[in-house]
Amino acid sequence: MARTRLYRNGALEAEDFPVDDISDHLADEDAVVWLDVCRPTASDFDKIGEELGLHALAVEDATSPHERPKLDHYPSHLFLTAYAVHFDAEAGTVTAHEVSAFVTKQALITVRKDEGCDIDEVVRRWDESTDLAQYGVAFLLHGLLDELVDGHFSAVQELDQALEELEDLLFEETPAGIRQVQRRSFQLRKSLVLLRKVVLPTREVVNGLMRPTAKIVDEAMVPYYQDVYDHVLRAGEWTESLRDFVATILETNLSVQGNRLNSIMKKVTSWAAIIAVPTAVTGFYGQNIPFPGYDKPIGFITSSVLLVVLSAGLYWTFKRRDWL
């Protein structure tokens, strides 16, 4: 399924025209074309490559899954790979959706592996910034990157919030809370690793587009790309701080578990000592030799008093030392 748009002299002129008409429109130097394809087949790329003269290596990268975010230069066009990311706060998972783009002087071709990237939101951004449409491909590419980078920033922000909520559970005493912290912390750490792999290389993509050698960004569009680059840097720095945050949470969780284990062992040992004293007393009075009061009620009373006094004394001693 393909979507097309034609801009001429900064004005939207046509939409959803056939792909075969692209080369005819590009014959006019004032025309700028956008083509979007989702889940393209080999025959689709054959047609697109024929219309726009795309390099075979770039086409191969566009069809290969799990490419690293990058910007490649070819004689007739640029090729970039980026990702749209979404964070599921309930599951604590990050999903990444690959988006490739061929960038020529008069055309932007976006290739999506799936529908995870909301291309309608990109179109909405274009329609809200019609005053920038005069800058052609730089305008279209800015709208695409701005949407992707804003998605990165939102995912990092939501992940940060999830980690703060996890921090509040660190001192949960219930077994269910302890297990939840352990599962959640490792899941969020895994999501952060994936997010960093997407966010950090994207800043090199945006930076590469702003270089004069790319010959894509007009001087008037530089501030807009600089704004996107600033968001990329902030998202990247945020992921770095979150990595330290996750490490701190894991270390704190281990420390809390160790302290909790020490407290449990201290209590168990104290109760064992308290129980040992009555055991010793009753064992002593159970010996097979006569002892004072063994045949009188006073003997039973004496042993009972010893049990209570010694146990209470041990309990008070352990409690005062915070062993119980």
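The values are calculated or read from the model by the stated rules, or taken from the named source; none is laboratory data. Predicted model, so just to flag it, every value in this text is computed and none were measured. Positions of Cβ are generated from backbone atoms using ideal geometry, with glycine treated the same way; all protein chains shown enter the neighbour counts.
Inspect segment 53-69 for any residue being without any contact (Cβ under 8 Å) to a residue 24 or more places away in the chain and surrounded by 20 or more Cβ atoms within 10 Å (Cβ to Cβ) and give the result as yes or no. Among the residues of segment 53-69, at least one is without any contact (Cβ under 8 Å) to a residue 24 or more places away in the chain and surrounded by 20 or more Cβ atoms within 10 Å (Cβ to Cβ), which makes the answer yes.
Of all residues in segment 8-52, those satisfying the criterion of being touching a residue at least 60 places away in the same chain (Cβ under 8 Å), farther than 12 Å from residue 104 by Cβ and outside any strand (DSSP E or B) are 9, 10, 29, 39, 40. Of all the numbered requirements in (1) buried (at least 16 other Cβ atoms within 10 Å of the Cβ); (2) free of Cβ contacts under 8 Å to residues at least 60 places away in the same chain, residue 164 misses one, and that requirement is (1). Just one of the listed residues (169, 195) is buried (at least 17 other Cβ atoms within 10 Å of the Cβ) and either assigned by TED's automatic domain parsing to the domain that holds residue 130 or over 16 Å from the mean Cα position of the chain (by Cα) (or both), and it is 195. The single condition among (1) over 13 Å from the mean Cα position of the chain (by Cα); (2) in a helix (DSSP H, G or I); (3) touching a residue at least 12 places away in the same chain (Cβ under 8 Å) that residue 217 does not meet is (2).
Annotation note: Cβ proximity below 7 Å between a residue of segment 262-274 that is assigned by TED's automatic domain parsing to the domain that holds residue 314 and a residue that is part of a helix (DSSP H, G or I) and surrounded by 13 or more Cβ atoms within 10 Å (Cβ to Cβ) (sequence gap 6+ or interchain) occurs for 270/318; 273/314; 274/311; 274/314; 274/315. Within segment 106-148, being in contact (Cβ under 8 Å) with a residue 60 or more places away in the chain, of a type outside the set (Val, Ile, Thr) and not in a helix (DSSP H, G or I) holds for 106, 107, 108, 112, 113, 114, 115, 136. Considering only residues that are in a helix (DSSP H, G or I) and modelled with pLDDT under 75, look in segment 279-296 and name the one that is nearest to residue 266 (Cα to Cα). The qualifying residue nearest to residue 266 (Cα to Cα) is 280.
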